[in-house]
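Colleague: Just passing along the structure, written as structure tokens.
Nothing in this text is a laboratory measurement; each read-out follows from the coordinates by a stated rule. The structure presented is a predicted model; accordingly, all values stated were derived computationally and were not measured. Counting neighbours? That spans all protein chains shown, and the Cβs are built from the backbone with ideal geometry, glycine included.
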Amino acid sequence: MKKSFFPLYNDISGNTLGIHRYDFGIGQKMVYIQGGMHGGETTYFIFHRIYNYLSEIESELPFSVTLIPIINPQAWSQRIYYNTVGKFSLINGKDSNQFYDTSTPEKDFQHYLCYTLKSIAQEYKYGFDLHTARVSNPYLYIEADNEYYNEIAKILNFKINLVDFEESGDFSSILARPHKGNKKSNTVKAFTIECGSHDDYDEIKIQEVVNNLKTFINYLIENSGEIILTSKPIKLLKPQNYIVAPVSGFVNLFIKPNDKILKNQELGHIYKSNDLSKAIPIISPDDGIIIQFTKTVCIMEKEELIWYGKIL
Ligand SMILES: [Zn+2]
């Protein structure tokens, strides 16, 4: 294993912020795994276990695997009290993962960071971007409508696979979709993994992601880095379905992540904040599967309350 440090910039106190990179094995650049774009993503534990696993098998690894557990040190150094602020730079208000226009690296921090990460990632055959999201179980984003992507999703074996063909500018989308102006990128099969609830240590969710990534690495070892297509079916969910809060108030939800829901099912109540006598039912508009929901019990009118997937 080779550890290296890539400096990004010197902060106002004169200290260098940068990226720690861990390279395992030699030979073809096969798997690249990054995480920690937004601060507060508790994926570091996953990287730690993958690090240990790769250390054990490194002598038999026929290709190279690279881990970068904290890709955005700026997000992690922005804290209010004990929590990281989250998705946005406090300096320019941008979410680095939504500014993957990497054509002009010198423009601002987001461009430089993304240019740097893309330059690393596009040398690999498979790329994974690890995040965490509100109250949820681990799930996979498939970024391209392609039998190879579906086959990789089957190997990874997450319980929920979302297909997101909407235009977006994030890391895995930029690498997975060559029409975004990155011709070289069509050699990288890139995925986003949402690893479960934000800010929490959850043994089951951590181990699920670790097991699935290990299964994929082992598959590549057995098959010399190639994906063999099978006719095994895969269940895909269309993700763009939200239930917003009908009023401002305090929420009590009856659901869990991955629950199946039916049209007209009562999913919870909102206790209306300007009328103590009212508990308003939240009704499902569709059949679907719960992906994630609000982490706080206090919610404002028209804020996103529940996110669910529809089976394709
Ligand atoms: Zn994130």
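Colleague: Against the longest alpha carbon principal axis of the chain, how many degrees, from 0 to 90 and to the nearest 10, is the axis of helix 44-57 turned?
Modeller: Rounded to the nearest ten degrees, it is 30.
Colleague: Each residue of segment 305-310 in order: what ³J(HN,Hα) in whole Hz does its phi give by Karplus 6.51 cos²θ - 1.76 cosθ + 1.60, θ = phi - 60°, with x for Gly and Pro?
Modeller: 9, 9, 10, 10, x, 10
Colleague: Hey, another quick one. Consider just the alpha-carbon atoms of the chain and return their Rg together with their Dmax, both in angstrom.
Modeller: Cα-based Rg and Dmax for the chain come out at 20.3, 67 Å.
Colleague: In whole Hz, with x marking every Gly and Pro, tabulate ³J(HN,Hα) for segment 240-256 from phi via Karplus 6.51 cos²θ - 1.76 cosθ + 1.60, θ = phi - 60°.
Modeller: Values per residue, Gly and Pro as x: 6, 10, 10, 10, 9, 5, x, 9, 7, x, 10, 9, 10, 9, 9, 10, 10 Hz.
Colleague: Separate question: Once you list every other residue whose beta carbon is under 14 Å from the beta carbon of Ala153, what net charge do they have if Lys and Arg are +1 and Asp and Glu are -1? Intermediate results must be reported in sequence, preceding the final value.
Modeller: On the way: positive: Lys154, Lys159, Lys189, Lys232, Lys235; negative: Glu143, Asp145, Glu147, Glu151, Asp164, Glu194.
Around Ala153, the surrounding residues sum to -1.
Colleague: Follow-up question, since we're still on this one. Dipole size in debye (nearest 20) for segment 79-122 around its Cα centre, Lys and Arg Cβ +1, Asp and Glu Cβ -1?
Modeller: With Lys and Arg at +1 and Asp and Glu at -1, about 140 debye.
Colleague: So which lysines can Lys107 reach, going by Cα to Cα under 23 Å and dropping same-chain residues fewer than 8 places off?
Modeller: The reachable lysines, counting only those whose Cα sits under 23 Å from Lys107, are Lys87, Lys94, Lys118, Lys180, Lys183, Lys184.
Colleague: Okay, next question. Near Lys3, within a Cβ-to-Cβ distance under 9 Å, what is the net charge of the other residues, with Lys and Arg +1 and Asp and Glu -1?
Modeller: Result for the neighbourhood of Lys3: +1.
Colleague: Continuing with this model, one more query. Put +1 on the Cβ of every Lys and Arg and -1 on every Asp and Glu Cβ in the chain; which of Phe88, Gly35, Pro62 then has its Cα farthest towards the positive end of the dipole?
Modeller: Most positive-ward Cα: Pro62.
Colleague: Could you give each residue of segment 119-124 its phi-based ³J(HN,Hα) in whole Hz, using Karplus coefficients 6.51, -1.76, 1.60 with θ = phi - 60°, and x for Gly or Pro?
Modeller: Karplus values, whole Hz, x for Gly and Pro: 4, 6, 5, 6, 7, 9.
Colleague: If you don't mind, there's one more thing I want to ask. For Lys310, give me every one of the lysines with a C-alpha distance below 22 angstrom, ignoring sequence neighbours fewer than eight places off in its own chain.
Modeller: Answer for Lys310, where 22 Å is the Cα cut-off: Lys154, Lys159, Lys232, Lys235, Lys238, Lys256, Lys260, Lys263, Lys295, Lys302, listed by chain and number.
Colleague: Place a +1 charge on the Cβ of each Lys and Arg in segment 2-222 and a -1 charge on the Cβ of each Asp and Glu, then give the dipole magnitude about the Cα centre in debye, rounded to the nearest 20.
Modeller: Using Cβ point charges on Lys, Arg, Asp and Glu, segment 2-222 gives about 420 debye.
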